[in-house]
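> I have a structure here, written as structure tokens, and I will follow up with some questions on it.
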Amino acid sequence: MAIIRPFKAIRPNTKFAEQVASKPYDVLSTEEARTEAKDNDYSFLRIIKPEINFPEQSKFDQNVVFAKAKDVFDNFLKSGVFEQENQDCFYLYRLIMGDTEQSGLVCLSSVADYENDIIKKHEFTRPAKEQDRIQHVLQTGIQSGPVFLTYKANKKVSELTAPVKEQAPLYDFTADDGVKHSIWKIDNAEIVNKIREAFEAVPATYIADGHHRAAASAKAGIELRKENKNHNGDEPYNYFLSVLFPSSELKILDYNRVVQDLNGLSTEEFLSKLAEYFSVIKIGSSPYKPSKEKSFGLFIDRNWYKLSAKEGTYEANHPVHSLDPYILQENVFRKLLGIEDVRTDDRVDFVGGIRGLGELEKRVNTGEWKAAFALYPVSIEQLMQVADSGNVMPPKSTWFEPKLRSGLLINKIR
């Protein structure tokens, strides 16, 4: 069963909510974060990307940077930009992007569930990135970015949370990217208890987005557990901030790739070698967006090609080896381009599907990248199947939109 609990959220005063709310720390570079927060003293980026509080080109160690994050947070709390609930609550967070609408329960998930694989993972984390967030949690004492979890839709949970949206929301605004964010507070003790009980029938939850945030919060909690001689299991650090969305409401976008070179091959030689693994059809200048699994778009030398994986070039019944990102990784990147590890090789980069095929063309046409590959999105069912099997997906297999905003609900762990 999935263990969840309500919490006394620290959240922005209503009049500051829209200014505080920021994109997640890991979708922006330092330069992009600096630009976004330039004219906004209340941006939560000043806490989750605290290096932007210092002049450009500054040299400082991590302790100084994270100490600044804590200072900014403490000042926001003292000055009334943030305030804390006086009772434990759940929250309902709705996002609307175009015709996509999804509503998730904001709560605390259990570190023990993370350790015991009741919270299931589908990708590896990078140690350096994980350590960065562990130190951020430990030095600021807060969990500032929610982990995006999903679960197989549960009728009882839906029945309990649906009426909440009939009330007036705490926050209701449309961000500059066109996504509408609405949050409701659930403070009725009876409803809170019923929601907790309903999740006891949910056998597992799955990390959709935020593997590094989840790992960092869990490992920070484990570290604090070891330091506490009077540990009893009920301390705040035994839980981490999360938003749980029913899988039926989620939409995964494609996660595309660009490569810098063809490993010494000419375009003609590359296309010829591709034909060993794919049916290759030249489309021309019109963009080709894959419409089904095992189909890929290739953009090279200002032309698009349709690639269809040939039978026998992949393991159709394997939860990972049958995935499109794996087929591309093995049959193209590894065998033809000599890219053994896409997580660490600078010759490959990843482009979220939200940017569209035009972004792929743009990158290749600048000459910085030689070719681009458009993929068909992995399904939420495939994600769950991989996680249930104990395997992991290839890096950058899923891109979720819309993104949760950080800073609207914060969990203080010490």
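> Kindly provide the set of residues from the range 53-88 that are among the polar types (S, T, N, Q), part of a loop (DSSP other than H, G, I, E, B) and modelled with pLDDT of 95 or more, ordered by number.
N86, Q87
> Could you grab me the full set of residues in the range 360-389 that are under 20 Å from the mean Cα position of the chain (by Cα) and open to solvent by 60 Å² or more (accessible area, probe 1.4 Å)?
Y376, E381, Q385, D388
> OK, next. Can you find a residue in the range 395-407 that is assigned to a loop (DSSP other than H, G, I, E, B), more than 30 Å from Q135 (Cβ to Cβ), at pLDDT 95 or above and open to solvent by less than 10 Å² (accessible area, probe 1.4 Å)?
First pass over the range 395-407, keeping only residues assigned to a loop (DSSP other than H, G, I, E, B): 395-398, 401-405, 407.
Pick out the ones that are also more than 30 Å from Q135 (Cβ to Cβ) and you get none.
No.
> Hey, among the residues in the range 189-203 that are surrounded by fewer than 17 Cβ atoms within 10 Å (Cβ to Cβ) and in contact with a helix residue (DSSP H, G or I) (Cβ under 9 Å, 6 or more places away or on another chain), which one's farthest from E115 (Cα to Cα)?
Applying the filter and picking the extreme gives I191.
> Within the range 204-214, count every residue that is within 21 Å of I10 (Cα to Cα) and either touching a Pro at 6+ places or on another chain (Cβ under 9 Å) or loosely packed, with under 15 Cβ neighbours inside 10 Å (or both).
In the first step, residues of the range 204-214 are kept if they are within 21 Å of I10 (Cα to Cα); the result is 210, 213-214.
Restricting the remaining residues to those that are either touching a Pro at 6+ places or on another chain (Cβ under 9 Å) or loosely packed, with under 15 Cβ neighbours inside 10 Å (or both) gives 210, 213.
So the count comes out to 2.
> Examine the range 219-238 for a residue that is surrounded by 18 or more Cβ atoms within 10 Å (Cβ to Cβ), polar (S, T, N, Q) and closer than 30 Å to C107 by Cβ, and state whether such a residue exists.
Yes: the range 219-238 contains one or more residues that are surrounded by 18 or more Cβ atoms within 10 Å (Cβ to Cβ), polar (S, T, N, Q) and closer than 30 Å to C107 by Cβ.
> Which one of these is surrounded by fewer than 20 Cβ atoms within 10 Å (Cβ to Cβ), part of a helix (DSSP H, G or I) and over 26 Å from the mean Cα position of the chain (by Cα): S279, S286, S272? Before you say what the answer is, go through the steps one by one.
Numbers: S279 fails: part of a helix (DSSP H, G or I); S286 fails: part of a helix (DSSP H, G or I).
Sole residue among the options that is surrounded by fewer than 20 Cβ atoms within 10 Å (Cβ to Cβ), part of a helix (DSSP H, G or I) and over 26 Å from the mean Cα position of the chain (by Cα): S272.
> Taking the range 248-276 only, how many residues are more than 25 Å from T344 (Cα to Cα) and modelled with pLDDT of 95 or more?
Quick first cut of the range 248-276, residues more than 25 Å from T344 (Cα to Cα) only: 248-251, 268-269, 271-272, 275-276.
Cutting the leftovers down to modelled with pLDDT of 95 or more gives us 268-269, 271-272, 275-276.
Final tally of qualifying residues: 6.
> Mind listing whichever residues of the range 273-292 are of a type in the set (D, E, K, R) and either in contact with a Ser or Thr (Cβ under 6 Å, 6 or more places away or on another chain) or more than 21 Å from K335 (Cα to Cα) (or both)?
Across the range 273-292, the qualifying residues are K282, K289, K292.
> Taking the condition closer than 26 Å to F124 by Cα, open to solvent by less than 40 Å² (accessible area, probe 1.4 Å) and of a type in the set (D, E), does D324 pass?
So D324 fits the description; yes.
> Listed residues E101, E123; which is touching a strand residue (DSSP E or B) at 6+ places or on another chain (Cβ under 9 Å) and assigned to a loop (DSSP other than H, G, I, E, B)?
It is E123.
> Right, next: Return the residues of the range 15-52 that are closer than 22 Å to Q143 by Cβ, polar (S, T, N, Q) and modelled with pLDDT of 95 or more; say none if nothing qualifies.
To start, the set of residues in the range 15-52 that are closer than 22 Å to Q143 by Cβ comprises 16-28, 30, 33, 36-37, 42-52.
If we keep only those that are polar (S, T, N, Q) as well, we get 19, 22, 30, 43.
Q19, S22, S43 - these are the residues of the range 15-52 that are closer than 22 Å to Q143 by Cβ, polar (S, T, N, Q) and modelled with pLDDT of 95 or more.
> Just to be sure I understand, how many residues within the range 134-176 are farther than 24 Å from S248 by Cα, within 23 Å of the chain's Cα centre (by Cα) and either polar (S, T, N, Q) or not in a helix (DSSP H, G or I) (or both)? Step through it out loud before you land on a result.
Taking the range 134-176 and keeping what is farther than 24 Å from S248 by Cα, we get 134-144, 168, 170-171, 173, 175-176.
Cutting the leftovers down to within 23 Å of the chain's Cα centre (by Cα) gives us 134-144, 171, 173, 175-176.
Pick out the ones that are also either polar (S, T, N, Q) or not in a helix (DSSP H, G or I) (or both) and you get 135, 139-144, 171, 173, 175-176.
Going through the range 134-176 one residue at a time, the tally reaches 11.
The values are calculated or read from the model by the stated rules, or taken from the named source; none is laboratory data. Note that the structure is a prediction, hence the values are computed from the model and not measured. Positions of Cβ are generated from backbone atoms using ideal geometry, with glycine treated the same way; all protein chains shown enter the neighbour counts. Surface areas here come from the heavy atoms of the whole protein model, side chains and all, with no ligands, DNA or RNA. Shrake-Rupley method; radii C 1.70, N 1.55, O 1.52, S 1.80 Å.
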